[in-house]
Each structure stands twice: as C-alpha cells, then as structure tokens.
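Enquirer: Sharing a structure here in structure tokens format.
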Amino acid sequence: MIASDLETAISRLRDLVEGAQAIVPFTGAGISTECGIPDFRSPGGLWTKNQPIPFDAFMASREMRNEAWRRRFVMEESFAKARPGRGHRALASLYRAGKVPALVTQNIDNLHQDSGIPSQDVVELHGNTTYAVCLECTERYELSWVKKNFEANGHHAPDCSCGGYIKTATVSFGQAMPADAMRRAQELTKSCDLFLAVGSSLVVWPAAGFPLMAKRNGAALVIINREPTEFDEIADLVVRNDIGDALASFISH
Ligand SMILES: [Zn+2]
C-alpha cells in the first residue's frame, strides 16, 4: 500500500519496525541528498553533464586518470562538508537498538559510517569515494595525500610505489562488483524479516534484485522513495514522502 500521508506512513512504519527482529536497510542516493550530496543519476545530476569515466578508460590512459582525479577534487567540497542526515541517524539508532544486523548501501559517501555504524557493518556495493586504493597492491591512500601530489606534479595523478594506479575506492562502470560485499548483501537480504529500501530507484543492477529476493524469503518490504519504483506493487508499504521526514521519529539519542 502507498501511504496516503506522512502520519499514516510513520505509523505503519513504526508497527513494522516494532514487529521485526532483523531489519536490513538498503540505501541509495536519496538518503544523502539532504546532506548536500548530489544524486549523480538524477536529471540535472553530475552524470548527465559529465559522463562517468568507465574503468577500462581509466586503466588505458593517463589523461583519463588525471581527469578522473580532477573531477573528484571538484566534488570534494560537497563530500568533505557533508554530515549524516536524519535518515542516516535514524538507521544508526535502529542499529544501536539491535534491530539492524548490518546495512547495505549503493552510496559511496561514508555517511553511514559517520553516523556511527561500524564500517564492518556497512556493506558497500559501489565502494567508497572518501579514500583511495592502489589497484595492484590494494595499499590505502588518503585523498589529502593524492591531492597534494596531484597539485605538486602539474595536475598529474600520482602512482603507487609498486607502479600500480591509484583510484578512489569506488566501483566504476565496467569494474567488477566486490564479491564479498555482494555475498554479504545477499545473505543479509535472505535472513531479514524486514527489508527497508530507502532512497534507491531500485533500477540499477544489482539493486534491482534485492527487494524480490527479500520478499521471496518471507520478509516484509518497505520502499521509501520520492519516485515510484518497479517494486511498489509487491511492497507492504510504500512511502513517497521526504526520507528525512519519514524517518526522523526513529532517531534516538
Ligand atoms: Zn601499489
């Protein structure tokens, strides 16, 4: 059912949350827009102006690697000042209450970790843009170090001491999905009794597979998203109100 108004949405949501033993939140860009992180895929979003750089292009050309880093540093202003929003804080509260074993996210902004959920319980399907890794030896690099070297070397991206390329820890188009994260997301989805999709259009693979997987395993399905999704018909509750408004009452201090 689609909640007719915010009050009904919150009341239905509260019943479902109270009755659940294991809630698995699955979050997308919509939960972070109130934090100032743009939704890359939305109309007018960054990706409609600047096509993303696919993984093979990044690997093939130093110019593309320089361009990828130039773009990343332009976005740093939004990422660096972003703080967890009401949705993040509500989910962190449910985690602390023992209701949420772990959370699955398509987001790369680190805001679930910033809200207090330990990183081992944030399953990132698309990686994380707040730090970088060497693609050969997996050494971790901080963005401040990459930026310092980028600027000192005439806007050339630095390489790892092993010779490998350094890239944000995100999963680019054409790059393999992280196998461990995928496996864990599936296990969580199959073992929850409430699957809470928040701020995801549930279109992009693999996101599209999870709501159905949860439903088939007997979980209740809640979809909180501004826009309709393909799975609204099978959902137990659909909330099209603002995410922060819908979740704010679950924040505990
Ligand atoms: Zn390396």
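Enquirer: Compute the Kirkwood hydrodynamic radius of the stretch 132-214, taking the inverse of the mean of 1/r over all pairs of distinct Cα atoms, and give it in Å to one decimal. Please report the intermediate quantities before stating the final value.
Expert: Values: mean 1/r = 0.0646 Å⁻¹.
So the Kirkwood estimate lands at 15.5 Å.
Enquirer: Something else now. Within 10 Å of each residue's Cβ, count the other Cβ atoms and sort GLU34, GLU227, GLU76 from fewest upward.
Expert: Working: GLU34 18, GLU227 10, GLU76 15.
Fewest-to-most ranking of GLU34, GLU227, GLU76: GLU227, GLU76, GLU34.
Enquirer: With the Cα gyration tensor of the stretch 214-253 in hand, convert its eigenvalues to equivalent ellipsoid semi-axes via √(5λ) and list them largest first in whole Å.
Expert: Numbers: eigenvalues 90, 42, 6 Å².
Semi-axes (√(5λ), whole Å): 21, 14, 6.
Enquirer: Which far-off residues, 5 or more places away or on another chain, put their amide H under 5 Å from the one on VAL123, with H placed in the peptide plane?
Expert: Under 5 Å from the amide H of VAL123 lie the amide H atoms of LEU103, VAL104, THR105, each far enough along the sequence or on another chain.
Enquirer: While we're looking at this one, here's another question. Could you pull out which residues in the stretch 65-91 have an amide N less than 20 Å from a spot 7 Å beyond the Cα of PHE173, following the Cα-Cβ vector?
Expert: Once the point is set 7 Å along Cα→Cβ of PHE173, 65-75 turn out to lie under 20 Å by backbone N, inside the stretch 65-91.
Enquirer: Can you compute 3J(HN,Hα) from phi for each residue in the stretch 207-216, using the Karplus curve 6.51 cos²θ - 1.76 cosθ + 1.60 with θ = phi - 60°, rounded to whole Hz and x for Gly and Pro?
Expert: Result, ordered by residue: 4, 4, x, 6, x, 5, 4, 5, 4, 5 Hz.
Enquirer: Work out, in µm²/s and without decimals, the Stokes-Einstein translational diffusion coefficient of the chain at 37 °C, 0.692 mPa s, Rh from Kirkwood over C-alpha pairs. If you can, show how the numbers build up before the last one.
Expert: On the way: Rh = 19.0 Å.
Approximately 173 µm²/s, per Stokes-Einstein.
Enquirer: Return the Cα extents of the stretch 1-144 along principal axes one, two and three, sorted largest first, each rounded to a whole Å.
Expert: 54, 34, 26
Enquirer: Given Cα pairs under 8 Å that are at least 6 residues apart, what percent is the relative contact order of the stretch 99-163? Don't skip to the answer; put the middle values down first.
Expert: Values: 68 pairs, mean separation 15.8, N = 65.
Reported as a whole number, the value is 24 percent.
Enquirer: Any idea what Rg and Dmax come out to for the stretch 182-253 if you just take the C-alpha atoms, in Å?
Expert: Over the stretch 182-253's Cα set, Rg and Dmax evaluate to 12.3, 35 Å.
Enquirer: Let me ask another. Taking other Cβ within 10 Å of each residue's Cβ, how do PHE250, PHE173 sort, fewest first?
Expert: Working: PHE250 20, PHE173 13.
Ranked by crowding around the Cβ, least crowded first: PHE173, PHE250.
Enquirer: Evaluate E = 1/(1 + (r/R0)^6) for SER4 and SER144, where r is the Cβ-Cβ distance and R0 equals 35 Å; express this FRET efficiency to the nearest 0.05.
Expert: Values: r = 48 Å, r/R0 = 1.38.
According to the calculation, E is roughly 0.10.
Enquirer: Can you tell me the FRET efficiency between ARG83 and GLN120 if r is taken as the Cβ-Cβ distance and R0 is 22 Å, rounded to the nearest 0.05? Please list the in-between numbers first.
Expert: Working: r = 22 Å, r/R0 = 0.99.
Computed FRET efficiency for ARG83 and GLN120 comes out at 0.50.
Enquirer: By count of other Cβ within 10 Å, fewest leading, how are SER61, SER144, SER201 ordered?
Expert: Taking fewest neighbouring Cβ atoms as first place, the list is SER144, SER61, SER201.
Enquirer: Student exercise: in the chain, how many lysine pairs 8 or more apart or on different chains have Cα atoms under 26 Å apart?
Expert: 11
Enquirer: Quick query: amide H of ILE108 versus all other amide H atoms, modeled in the peptide plane; which residues come in under 5 Å with a sequence gap of 5 or more or a different chain?
Expert: Amide H to amide H, under 5 Å and 5 or more residues apart or across chains, ILE108 pairs with nothing.
Enquirer: Further question: Less than 16 Å from a label point 7 Å out along the Cα-to-Cβ axis of MET59: which backbone N atoms in the stretch 177-195 qualify, by residue?
Expert: What the label zone holds, given the 16 Å backbone N cut-off, is 177-179.
Coordinate-derived values only; no laboratory data. Fair warning: this is a prediction, and the values are worked out from it, not measured in the lab. Neighbour counts are summed over all protein chains in view; Cβ atoms, including those assigned to glycine, are modelled from backbone coordinates with ideal geometry.
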